[in-house]
Amino acid sequence: MTQTPLSTPVPHPTTPPLAASARGLTKTYGRGDAQVHALRGVDLDLPAGRFTAVMGASGSGKSTLMHCLAGLDQPSAGSVSIAGTNLEALSDDALTRFRRDHVGFVFQAFNLLPMLTAGQNILLPHELAGRKVDADVRARYDEVSAILGITDRLGHRPGELSGGQQQRVAIARALVASPAIVFADEPTGNLDSDASAEVLGFLRRSVRELGQTVVMVTHELDAAAYADDVVVIADGAIRAHLVDPSAEQLVATLRPGGATR
């Protein structure tokens, strides 16, 4: 008897791995009549290898959300995990080591040491951690520097660089350790429009070409347009989580009374 060949099973679409997630995230400041609810039970998943912008007006809770997600601030309630590690389960020392090894930071202020060259600033976290700058680290350093367009500026000190170049050095410093996630807090806040566009373009390239996960807090629509996903927060709660939004969707969502989730 001839057997009918089994059909090839159709693979089910896989859910992309998460770089970070939050469940029931709450942050409260003060007591009694002075109590402020900065976050109100936030649930959020951040897929790996994506560029996510977190948007909101001043006082919306967006920076508090980033600080809790990054382990820089402790939530009043709820949980945060990065690359599968629950941050609340870590001691203070373990959390410091975890951030050093798995989380990158880019801030509005460049925070470069003026007496060091750009290249020395980029590698400084490795040296402070007592890690050897081996061939793999050097290869990553060369790759990141090339993508960020600063290869010819590595021997210059910060005072010899433009604002945009300094921010690119700060981004390279965050990327060189191959972190699970990079948090960028208003990274273009001190830059003019041309330098801002350059920096945002390079952040997007780090996602496309290095597979990096980037989460950027911003209040600027032009900046959010560079992202793959946009999370809109208002009054401490997620109002919308848009995947590959169009400019029209962004504008409509940010309008008072706009769409939710």
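Rule-based calculations on the coordinates, nothing more; no lab input. Here the structure is a predicted model, which is why all the values come from computation and not from measurement. Neighbour counts are summed over all protein chains in view; Cβ atoms, including those assigned to glycine, are modelled from backbone coordinates with ideal geometry.
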Query raised in the report: Sorted by average packing, counted as other Cβ atoms within 10 angstrom per residue and highest first, what order do 136-143, 44-51, 195-202, 96-103 take?
Result: 195-202, 44-51, 96-103, 136-143
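How much length would be gained if the chain were fully extended between A252 and A237, taking 0.36 nm per residue of separation minus their Cα-Cα distance, in nm to one decimal?
That pair, A252 and A237, stretches by 3.6 nm at full extension.
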Requested in this report: Quick one: pull the percentage of alpha-carbon pairs in the range 1-160 with a separation above 18 Å.
Outcome: 72 percent
**Report entry** Peptides ranked, highest mean first, by Cβ atoms within 10 Å: ranges 164-176, 82-94
**Finding:** 164-176, 82-94
Report task. Kindly identify the range 111-261 as rounded, prolate or oblate by the Cα gyration tensor criterion: order the square roots of the eigenvalues as a ≥ b ≥ c, call it rounded if a/c is under 1.5, otherwise compare a/b with b/c, prolate if a/b is larger, else oblate. Result -> prolate
Requested in this report: Place a +1 charge on the Cβ of each Lys and Arg in the chain and a -1 charge on the Cβ of each Asp and Glu, then give the dipole magnitude about the Cα centre in debye, rounded to the nearest 20.
Outcome: 380 debye
Requested in this report: Find the relative contact order for the range 18-254 and round it to a whole percent, using C-alpha pairs within less than 8 Å whose residues are 6+ positions apart.
Outcome: 29 percent
**Report entry** Positive minus negative residues near L203 (Lys, Arg vs Asp, Glu; Cβ under 15 Å)
**Finding:** -2
Query - Over the range 77-184 - Rg/Rh using Cα atoms and the Kirkwood inverse-distance radius - result: 1.01
Query raised in the report: Quick one: Cα centre-to-centre distance for the range 218-237 and the range 70-109, in angstrom?
Result: 22 Å
